[in-house]
Ligand SMILES: [Zn+2]
């Protein structure tokens, strides 16, 4: 093999290894990112990704009926499409955090775009650490470094509502309830038609179990350590 080609193959292999490491350690284990909260406290955080959307008013109505507040990880294109809902969400006591300038996996963004991705936030001047939830939880080898440089905390989740699967609301609510417990961070989406009904049943079930629903920053989430990281790895690849 000619030397320049050998060098290129070596470079690609090194990038591939770093990308694999980012996927395993960054996304699947979530090491060092914010995960769930204290399991001894009877608190659960609800988070909605991908909004705002034409579904936002329905979600707001269900949340208001149950008297709970949540965290919305919004994207720049969705904010541009439904700007009228941002102030409504905040007025109702919900929290806005960042889900990116593009809804794209980190590995599909060149470094300069990922920098813009991580830096974007719908409310850059709000108090407290600003959170960034990468689309699909996807990490590139640079994600954590860029987040640190931008002053963002990467926030993941531990309980999926699976509202993108096409299953029925009560099935999804039952499965989500079975997986949730004290300290859980539940991931739902602002968009799917099933989510408002799923949310309604989920909130009733959580209350029955004596779990208080709070926005993510009030949980508050902990940094994911080695032990928790290993558990997440098992959940991600083990089943
Ligand atoms: Zn998303």
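The values are calculated or read from the model by the stated rules, or taken from the named source; none is laboratory data. The structure displayed is predicted, hence computed values, not measured ones. Every residue, glycine among them, receives a Cβ derived from its backbone with ideal geometry; neighbour counts consider all protein chains shown.
Points worth noting:
- Annotation: of all residues in segment 42-68 being away from the ligand (no atom under 16 Å from the Cβ) and under 16 Å from the mean Cα position of the chain (by Cα), the one that is surrounded by the most Cβ atoms within 10 Å (Cβ to Cβ) is 45.
- Cβ-Cβ under 6 Å pairs, at least 6 apart or on other chains, segment 217-236 side within 15 Å of residue 179 (Cβ to Cβ), far side not in a helix (DSSP H, G or I): 232/29; 232/30
- Some residue of segment 166-177 being more than 16 Å from the ligand (Cβ to nearest atom), in contact (Cβ under 8 Å) with a residue 60 or more places away in the chain and under 18 Å from the mean Cα position of the chain (by Cα): no
- When 44, 24, 68, 62 are checked against the criterion of being in a loop (DSSP other than H, G, I, E, B) and in contact with a helix residue (DSSP H, G or I) (Cβ under 8 Å, 6 or more places away or on another chain), a single residue qualifies: 68.
- Residues satisfying the stated conditions in segment 190-239, i.e. touching a strand residue (DSSP E or B) at 6+ places or on another chain (Cβ under 9 Å), part of a helix (DSSP H, G or I) and closer than 19 Å to residue 167 by Cα: 195, 198, 199, 202, 203
- Look at (1) part of a loop (DSSP other than H, G, I, E, B); (2) more than 16 Å from the ligand (Cβ to nearest atom); (3) at pLDDT 95 or above and you find that residue 116 fails only one, number (1).
- Some residue of segment 159-180 being part of a strand (DSSP E or B), closer than 26 Å to residue 85 by Cβ and in contact with a strand residue (DSSP E or B) (Cβ under 6 Å, 6 or more places away or on another chain): yes
- Residue within segment 74-90 that is surrounded by 14 or more Cβ atoms within 10 Å (Cβ to Cβ) and farther than 25 Å from residue 58 by Cβ present: no
- Residue match in segment 178-189 (condition: over 15 Å from residue 46 (Cβ atoms), in contact (Cβ under 8 Å) with a residue 60 or more places away in the chain and within 16 Å of the ligand (Cβ to nearest atom)): no
- Qualifying positions in segment 119-142 - surrounded by 17 or more Cβ atoms within 10 Å (Cβ to Cβ), outside any loop (DSSP other than H, G, I, E, B) and within 15 Å of the ligand (Cβ to nearest atom): 131, 132, 135, 137
- Scanning segment 81-113 for residues that are farther than 19 Å from residue 216 by Cα, within 16 Å of the ligand (Cβ to nearest atom) and outside any loop (DSSP other than H, G, I, E, B) gives 81, 106, 107, 108.
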